[in-house]
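> Following this message is one structure expressed as structure tokens.
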Amino acid sequence: MSIAKELRAIETALDNYRERLDTIPDELFAETPAGGGWSSAEVYSHVMQSTLRSSIAIERCAHSNCPPTKKGLSLQGHFVLLFGCFPPVKIKMLDIMNVEKISKEDARNLIIKCRKRIEDIAPIIAKASPDVRYGHPRLGMLNAKQWIKFTRIHLLHHLKQLDQIKRKVASLT
């Protein structure tokens with residue numbers, strides 16, 4: 001997929017997050033689903049914070065502001081970027097991920113912030129050297145183009161998670 005298509009897919013995903021936000025009842029936004037898992041508020045917090053961190057990694061790669069490395073993708077990184085999805089297994093969240101229950105207003109503001117960051121870095125991605133990489137905790141060392149692809153994959157992954165939460169909540173009513 002080209003950078004332009006990745007950016008359009010990210011924009012579409014952010015539009016989808018914004019539209020879905022209005023369909024989630026206020027009283028259910030921070031509700032933990034039956035059987036456990038994240039609330040919608042936690043999903044929004046995680047995915048938007050991750051998108052912002054990814055945009056920083058992209059910018060660092062594009063400006064060659066990364067420690068030099070010969071390392072590349074991990075096995076999981078190869079899988080995710082090749083197939084465009086995460087493996088169908090649950091993984092334990094890393095301690096570095098600060099997931100919190102945010103308000104719907106906070107979620108709206110984070111979506112706006114993410115959209116602005118992506119728009120700001122879009123022009124520099126194509127010029128980034130494929131040899132300049134910044135580390136992802138699970139996927140290994142990614143270059144700017146791999147980071148933008150990861151961002152799209154990650155956003156789409158958590159849209160599916162929101163669908164699962166919606167089904168769980170609907171089954172209780």
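> Looking for something aromatic (Phe, Trp, Tyr) and exposed (fewer than 14 other Cβ atoms within 10 Å of the Cβ) - is there at least one such residue anywhere in segment 129-139?
no
> Of the conditions (1) surrounded by 14 or more Cβ atoms within 10 Å (Cβ to Cβ); (2) out of contact with any strand residue (DSSP E or B) (no Cβ under 7 Å at 6 or more places or on another chain); (3) not small (Gly, Ala, Ser), Leu82 clears all except one; give me its number.
Leu82 satisfies every listed condition except (1).
> If you scan segment 1-17, which residues turn out to be touching a residue at least 24 places away in the same chain (Cβ under 8 Å) and closer than 20 Å to Ile121 by Cβ?
Within segment 1-17, Met1, Ile3, Glu6, Leu7, Ala9, Ile10, Glu11, Ala13, Leu14, Tyr17 qualify.
> Follow-up. Being under 19 Å from Arg133 (Cα atoms), surrounded by 14 or more Cβ atoms within 10 Å (Cβ to Cβ) and among the small types (Gly, Ala, Ser) narrows it down to one of Ser55, Ser40, so name that one.
Ser55
> Can I ask one more? Here is a list of conditions, (1) at pLDDT below 95; (2) surrounded by fewer than 15 Cβ atoms within 10 Å (Cβ to Cβ); (3) more than 16 Å from Gln146 (Cβ to Cβ); (4) out of contact with any His (no Cβ under 9 Å at 6 or more places or on another chain), and Arg8 meets all of them except one; can you say which number that is?
Answer for Arg8: the failing condition is (1).
> Follow-up question, since we're still on this one. Output the residues belonging to segment 18-36 that are surrounded by fewer than 11 Cβ atoms within 10 Å (Cβ to Cβ) and in contact (Cβ under 8 Å) with a residue 60 or more places away in the chain.
Asp26, Ala34, Gly35
> Which condition number in (1) aliphatic (A, V, I, L, M); (2) surrounded by fewer than 16 Cβ atoms within 10 Å (Cβ to Cβ); (3) within 15 Å of the chain's Cα centre (by Cα); (4) within 24 Å of Asn143 (Cα to Cα) is the one that Ile112 fails?
Among (1) aliphatic (A, V, I, L, M); (2) surrounded by fewer than 16 Cβ atoms within 10 Å (Cβ to Cβ); (3) within 15 Å of the chain's Cα centre (by Cα); (4) within 24 Å of Asn143 (Cα to Cα), Ile112 violates only (4).
The values are calculated or read from the model by the stated rules, or taken from the named source; none is laboratory data. The structure displayed is predicted, hence computed values, not measured ones. Every residue, glycine as well, gets a Cβ built from its backbone with ideal geometry; the counts of neighbours run over all protein chains shown.
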